[in-house]
Amino acid sequence: MGLARFLQAVNREVAHWGGRQIWRRIVSAVFTALTDQAGVSAQRAGALERACFVLADWHATKRRLSEVEARMVEVLDQLELTDLVSSIPGLSTVGAAAILAETGDLTRFDSPRAVVKHAGLCPRENSSGTKDGRTRIARRGRPRLRLAAWRAVWGAQANNPVLTARFYHLTTRPENPLTTGQAHAALAAALLRWLHVIITQRVPWNEQIASGRIDLSAAA
C-alpha cells in the first residue's frame, strides 16, 4: 500500500470517528509497526481485531453519553432553567445539568456558601499548635459535585471574563498566590455560588455583580 496511500486512507476515516485531522507522526509509527518483518506477524490480525472492538465500544459509549446528555438538557428545559444557566458565559447546559444533578434542588440550601460547603470546596486551614500549615479545600462534601464543578470551570474559564480575571488575580497576586489547582478550586466554588443565586432568585447572571463591581449589600 505504501505510506502515502495509507495516510490517505486514514484521512478518509478520521471524519467517521469524530476527528478533524491526523497526527502524521503517530500514523507513520503505526504504518512502520504494521510493515515491520520482526515479531509474530500472524498475530497482528488478531491484535487489530481487538483494537477494532475497543473502538466500537468507544463509539457505543459516546452514543450513550450523548443520549444521557440530551435527556439532562430536557430536564433543564422542563424546569425552565435553561435560559438562566445559559446566561453564565462559557457554561454549557450539559455542564450546568451535571452540577444540578449532584446538588438537587438548590432552594434547599440556605446560602451560596452552603452549596460550596456541600461540595467540599470550602478552604480549610491545616495548622497545628504554633505551626502554620497549607490551606486546602475541605474535600468533605460530594466528590462528584466537585468533579462536575471542576469540569465546568475548565470549559467556562476561557470564555468568561470574570473567571479569567479572577484566575489571573489569584495566581499572580504578590501575597499568597495560589497554585493553578487551588485557583481552579476557587473558580469552581464561585460557579456554584453563581448558580445558587441565579436559580433561587430566578435572575440571569450579571457580570457587574459577579465581578464585585456592584455591592448588593451596600445597595440594600
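Condition first: of a type in the set (Val, Ile, Thr) and either in contact with a Pro (Cβ under 9 Å, 6 or more places away or on another chain) or not assigned by TED's automatic domain parsing to the domain that holds residue 7 (or both). Can you find one or more residues in the range 23-32 that meet it? Quick ask: steps written out before the conclusion?
If we filter the range 23-32 for residues that are of a type in the set (Val, Ile, Thr), which is where we start, we get 26-27, 30, 32.
Narrowing the set further to residues that are either in contact with a Pro (Cβ under 9 Å, 6 or more places away or on another chain) or not assigned by TED's automatic domain parsing to the domain that holds residue 7 (or both) leaves none.
No, the range 23-32 contains no residue that is of a type in the set (Val, Ile, Thr) and either in contact with a Pro (Cβ under 9 Å, 6 or more places away or on another chain) or not assigned by TED's automatic domain parsing to the domain that holds residue 7 (or both).
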Considering the range 102-124, residues that are in a helix (DSSP H, G or I), in contact (Cβ under 8 Å) with a residue 24 or more places away in the chain and not aliphatic (A, V, I, L, M), and then whichever is farthest from residue 140 (Cα to Cα), we arrive at 107
Out of (1) charged (D, E, K, R); (2) surrounded by fewer than 16 Cβ atoms within 10 Å (Cβ to Cβ); (3) at pLDDT 90 or above, the one residue 102 does not meet is (2)
With the first residue restricted to the range 30-47 and required to be within 17 Å of residue 8 (Cα to Cα), and the second required to be part of a helix (DSSP H, G or I), Cβ contacts under 6 Å at 6 or more apart or on different chains are 31/3; 31/6
_Verdict on residue 74 being exposed (fewer than 12 other Cβ atoms within 10 Å of the Cβ) and closer than 24 Å to residue 94 by Cβ_ = no
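Under the condition of being charged (D, E, K, R) and within 28 Å of residue 2 (Cβ to Cβ), which residue from the range 32-84 is farthest from the chain's Cα centre (by Cα)? Walk me through how you get there before you give the answer.
Within the range 32-84, the first condition is being charged (D, E, K, R), and the residues that meet it are 36, 44, 49-50, 57, 62-64, 67, 69, 71, 74, 77, 80, 83.
Next cut, within 28 Å of residue 2 (Cβ to Cβ) only: 36, 44, 49-50.
Values: 36: 41, 44: 37, 49: 33, 50: 30 Å.
Restricting to residues being charged (D, E, K, R) and within 28 Å of residue 2 (Cβ to Cβ), the top hit is 36.
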Condition set part of a helix (DSSP H, G or I), touching a residue at least 60 places away in the same chain (Cβ under 8 Å) and touching a helix residue (DSSP H, G or I) at 6+ places or on another chain (Cβ under 8 Å), scope the range 53-101, selection farthest from residue 165 (Cα to Cα): answer is 100
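The values are calculated or read from the model by the stated rules, or taken from the named source; none is laboratory data. Bear in mind the structure is a predicted one, so any value in this text is a computation, not a measurement. Backbone-built Cβ (ideal geometry, glycine too); neighbour counts: all protein chains shown.
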